[in-house]
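Here is the structure we will look at.
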Amino acid sequence: MCRILGQVLCRGRLCEQKAIMNTPLTILKETFGYNSFRSLQQEVIENVLAHKDTLAIMPTGGGKSLCYQIPALIQGGLTVVVSPLIALMKDQVEQLRAYGVPAVTLNSSLSALEYQENMEYVLKGEVKILYVAPETLLTPRLQGLLSGLKLDLLTIDEAHCISEWGHDFRPEYRQLVEVRQRFPQATCLALTATATARVRQDIKSSLRFPESNEFVASFNRENLYIEVAPKENPIQQVLQFLKRYTGQSGIIYCFSRRQVDELAAYLAMQGHAVRPYHAGLEDDERRRNQEAFIRDDVQIIVATIAFGMGINKPNVRFVIHYDLPKSIEGYYQEIGRAGRDGLPAHCLLLYNYSDVAKQRYFVDQKQGSERSVAIQHLNALIRYAENEVDCRRKPLLAYFGEDYTAPNCHNCDNCNAAAPQLSDVTIVAQKFLSCVKRTGERFGAGYVTDVLLGSKAEKVLKNGHAELSTYGIGRELNRKQWMHLGRQLLQMGYLDRGEEYETLSLTRKATEALKARSPIFATLQADDGHKTGQAGKKDELEYNHALFALLRQKRKELADAAGIPPYVIFSDKTLVEMATYYPQSDESLLHISGVGQVKAQQYGPDFLEVIRPYCAKHHLAEALPDQAPKGKRRPGNRSENGSRTLLVAEAFNQGESIQDLAQRYGVTPTTIVSHLTRHALAGHPLRQGDEFQALLSTPAGEQERALQAFAGLGTEYLKPVHVALGGQISYDELKVLRLIYISRSG
């Protein structure tokens, strides 16, 4: 350990000497391997370098860490980073050392010897970035250490913990202002991904920041597909979901420790590589489970919503909320753990009223302002989950004060659903509204539904509501349909809902509609409770999946040998670019996002040993434009369609089935056949087998006639063959038969 750190510190001194003469952009390129800054990164860095206290709000995966890491490499003194999570500190230090940046941590997970060694490194000025927990920073021992050093930058990560209005308030964060007073020469940078306008003001006030130095990036994570689904048979819903992400990393959040243990055990029985994670586990077991997930030894972690994981794993491809989170902030932070590498990721929230009731029970145990804040948080989340019309991003971003104006995000369940089939629901809507009125506007939707269905529940009978004219008049709909209708009436402005107890009351619009018997149009759920329309996701990036798998395998071998997480070597995004542009030289590697000078020297040869023979075998050339901005390159001069054709053909030749390829790309098997036909017509071979034959329903004799027709009439057009056969064989079948003829004849 000491030897490895010594090597990093040695490289770090070289980095420091170079960095003093460099600009933020050259450090971004040479050390971290990126060509351009993300939104607001450069502005925040320049503000910090101008010695101005700064509050930066950036979404998870938006590059907050570089906002203090780059200034740390430019300034001559020490940067101290306050973080609430030991696991996150460890992760950040490992990644910085991989880039050749000298960084250490001081926290309770270290042995006495390691702690003392790290303090000595700091004292000697050999460390650029020091990570500490807030309680550690407040100790006399550490403040004594820092008092003799030049402290240039104090960075407070997860700064929302300062605010009582935040979703994760921590009292020790409030005391950080004392550290600021002891080191007035140090610039202060506060960072967080989740903060409403009220929380932001509280952070600045607590840290005594100037009003002007605030930077708020967009909260929109475009690569996340956001979905809310009715929670009906959650275990089966999860199993069906996981079939789409075989071998991919994901997190499943549950409400209770017991639920975590039960779900993790069941998924393990079904053959999934999964571990539980919650505060009730022994420290060693929890640490082992987290390490296994980070190092890709297991693919799925099941965790409690209440317990922060502190994971900076970039290749999490999905997040499932098995139970309802506590707040919009918590939900946003938790889905933010998906897709940090910028690649597509899927976020699924399973929602029902029993989960709301569980959350309300715990909210009711709170007192005073704490209870009031918790009620507001929960009600905002309920409104978000029950919205079945608007783009999911609109209310989510509006909660943080951002106006999302795009008419369709094309990446959430509501935007991708088929247009709703509105029905005239005037009569059933009148029944629901009348029942709300006749029960005194003192109850929620569940109770109103009980009355409409003629429930003999004790509460209904005790209140005398079995005597109402609306009692039992709603048996034409089931409970789910009534609840769904109630949510729509709420969203359409016919109902108001109380903030604290969810009681429904009529609005003026409803009163006027009842008097005038105005028509009301809405959607009626089918008996199974599902919304109409199919959800789709944005297309995934085009890359060579077979090469990507080989690169992941190499990354895992190197990571296991070094005892570090795979993504510390390279992220999935970096491997995807390698599998798209086929770099085959040291210079070409430096064009790939995330490959800096140090990583190119340390890991480049190992990955080139995978890429070069693969490209030679499959006749693939480099496709790296000289100066194209990263993120906008396309492979060589190929069209997008040509690129996909090549990828489809390569995957098919390596054993993937037509059905699997159709599912991956979200197309029909006939479309895959068209890609393979283009590949074969270009003179490239296809593997032989019975797979094409399995797509046909045409009798064998008719197939032979079609093949003879192609031999006589050629394969360029299908219509002459269709006419010659008397129209007896469909065009879809002829496409398959043409491919059979071409592949056989070569």
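The values are calculated or read from the model by the stated rules, or taken from the named source; none is laboratory data. Computed from a predicted model, the values in this text were never measured in an experiment. Note that we place each Cβ from the backbone using ideal geometry, even for glycine, and neighbour counts take in every protein chain shown. Each accessible area value is taken on the protein alone, full model and side chains, heavy atoms only, with ligands, DNA and RNA left out. Shrake-Rupley method; radii C 1.70, N 1.55, O 1.52, S 1.80 Å.
Would you compute the Debye intensity of the range 52-147 from its alpha-carbon atoms alone, equal scatterers and no solvent, and pass along log10 I(q)/I(0) at q = 0.12 Å⁻¹ to two decimals? The computed values of log10 I(q)/I(0) come out as -0.37. Solvent exposure of the chain amounts to 44 Å² per residue of accessible area, where only protein heavy atoms count and the probe is 1.4 Å. Between Leu349 and Glu227, Val228, Ala229, His321, the built amide H atoms are under 5 Å apart, and every one of these is 5 or more places off in sequence or on another chain. Rounded to the nearest whole Hz, the Karplus-based 3J(HN,Hα) values (6.51 cos²θ - 1.76 cosθ + 1.60, θ = phi - 60°) of the range 115-130 follow the sequence 4, 5, 4, 5, 5, 5, 4, 5, 4, 7, x, 8, 10, 8, 10, 10, with x at glycine and proline. Peptides 317-330, 398-411, 45-58 ranked from most to least packed, by the mean per-residue count of other Cβ atoms within 10 Å: 317-330, 45-58, 398-411. Counting 0.36 nm for each residue step from Arg479 to Asp660 and taking away their Cα separation leaves a gain of 61.3 nm.
With 0.36 nm allotted per residue and the present C-alpha distance subtracted, the Asp364-Leu239 stretch has 41.6 nm of extension available. Taking a ≥ b ≥ c as the square roots of the eigenvalues of the alpha carbon gyration tensor, the range 315-370 is oblate, as a/c is not under 1.5 and a/b does not beat b/c. As a rough guide to protection, the peptides 464-477, 214-227 ranked by mean Cβ packing within 10 Å, highest first, stand as 214-227, 464-477.
Whole angstrom only: what separates the Cα centroid of the range 661-716 from the Cα centroid of the range 206-275? Value for the Cα centre distance between the two parts: 41 Å.
Annotation: amide H-H contacts under 5 Å for Lys150 (H modelled 1.01 Å from N, sequence separation of 5 or more, or interchain): Leu78. Here the range 583-626 and the range 443-459 have alpha carbon centers that stand 66 Å from each other. On the basis of the beta-carbon distance and an R0 of 25 Å, Ala700 and Asp732 show a calculated FRET efficiency of 0.90. Note on Asp690 and Lys437: their simple-model spin labels are 7.0 nm apart, each label 7 Å out from Cα toward Cβ. Cα gyration tensor of the range 461-516, axes a ≥ b ≥ c as square roots of the eigenvalues: rounded (a/c below 1.5), prolate (a/b > b/c) or oblate? Judged from the Cα gyration tensor, the range 461-516 comes out rounded (a/c under 1.5). What the pair-distance distribution of the range 416-480 shows, using all Cα-Cα distances binned every 10 Å from zero, is 21, 50, 19, 9, 1 percent. Taking the 1.4 Å solvent-accessible surface of the chain as the whole, the part contributed by carbon and sulfur is 50%. Beyond 20 Å in Cα-Cα separation lie the following of the pairs Lys556/Lys617; Lys52/Lys204; Lys64/Lys394; Lys29/Lys124: Lys556/Lys617; Lys64/Lys394; Lys29/Lys124.
The convex hull drawn around the Cα atoms of the chain, when projected onto a plane and averaged over every direction, covers 38.3 nm².
Taking amide H atoms as placed 1.01 Å from N in the peptide plane, the amide H of Ser249 lies under 5 Å from those of Arg317, each 5 or more residues away in sequence or on another chain. Couplings 3J(HN,Hα) of the range 264-281, computed from phi: 4, 5, 5, 5, 5, 4, 7, x, 8, 7, 9, 9, x, 8, 7, 5, x, 7 Hz, in residue order, whole Hz [Karplus 6.51 cos²θ - 1.76 cosθ + 1.60, θ = phi - 60°; x for Gly and Pro]. With θ taken as phi - 60° and the Karplus curve 6.51 cos²θ - 1.76 cosθ + 1.60 applied, the whole-hertz 3J(HN,Hα) list for the range 408-417 is 8, 7, 6, 8, 8, 5, 5, 5, 9, 6 Hz, x standing for glycine and proline.
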